[in-house]
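Single-structure report; data block below.
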């Protein structure tokens, strides 16, 4: 009898432990070797250690990823537990999310990091709570540049060219330069679009360009650095409510750690830019008229950041050292 009771108790404890364990589902539009995906992989490994196997993270593969708008909706309704998305993709819900995506706003990647680490960043993370989301951390994904079949040296070079933009409607406004033809297109279709001529150009950061192997279809990478949009790691409030206080603390702490891992990986890939360009045959265009892009951005500021609250956030960002 005692032996039977012991076996039943052991089985019950084993069932309870497995019931508490959770394989958190994450998503990212980027390929597995992009710094954001690798940073979340690190987060998952450390979280599993800290929670003694109760929590782990599985990032969905390319076949299971949708647009960032679809991903955000999935995190909000609990279909996904978490995701790395561009902060600007949240602006349909949260108007202030558009501000960090405005062209020519950040002076450097370090300036962006200081802003995100400070009061502005904390306010943005806290604001996500209103939309059934928990903001864990930011990944400062650096400046975006144009690449494709044509070199771009000044804003007017974009006139008449078909440029892929993300499918969130705001991107059409953010990227719009007089005469440019904005083509909303899913991220995974960029390579085919460049190959077939459906688009002349796309734009993104260098690590994304490399991780997605877009160098196979793009002849030029023009270092316009016309905007720098941070990424944010969001978590479903529905899943959050199921976690213990200890696991919540472990997740927040490990997310903060993953930012350092991201920065190291990002800097490594940026440092390899010239050598990768030589190997792949991509021509880097560096003689850029940056003032032309600053001037082209003025109407965007007037349209997208016209309210006092958004103008105040711009002021706070510009005042950050």
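For every residue, the table says whether it meets (1) modelled with pLDDT of 95 or more; (2) more than 30 Å from residue 237 (Cβ to Cβ); (3) not in a helix (DSSP H, G or I).
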site: 103; (1), (2), (3): no, yes, yes
site: 107; (1), (2), (3): no, yes, yes
site: 110; (1), (2), (3): no, yes, no
site: 135; (1), (2), (3): yes, no, yes
site: 150; (1), (2), (3): yes, yes, yes
site: 157; (1), (2), (3): yes, yes, no
Among (1) at pLDDT below 95; (2) not in a loop (DSSP other than H, G, I, E, B), where does residue 33 come up short?
-> (2)
Considering only residues of the range 292-321 that are at pLDDT below 90 and not in a helix (DSSP H, G or I), which is nearest to residue 157 (Cα to Cα)?
-> 305
Selected residue [assigned by TED's automatic domain parsing to the domain that holds residue 195 and either over 14 Å from residue 36 (Cα atoms) or in contact (Cβ under 8 Å) with a residue 12 or more places away in the chain (or both)] from 236, 258, 222, 244 = 222
Mind checking which residues of the range 94-108 are surrounded by fewer than 19 Cβ atoms within 10 Å (Cβ to Cβ) and in contact (Cβ under 8 Å) with a residue 24 or more places away in the chain?
-> 94, 95
Wholly within the range 159-264, which helices (runs of 4 or more DSSP H) include no fewer than the required count, namely at least 3 residues that are over 20 Å from the mean Cα position of the chain (by Cα) and surrounded by fewer than 17 Cβ atoms within 10 Å (Cβ to Cβ)?
-> 190-196
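The values are calculated or read from the model by the stated rules, or taken from the named source; none is laboratory data. Everything quoted here is computed from the prediction, not taken from an experiment. Glycine also receives a Cβ, built like all others from the backbone with ideal geometry; neighbour counts cover every protein chain displayed.
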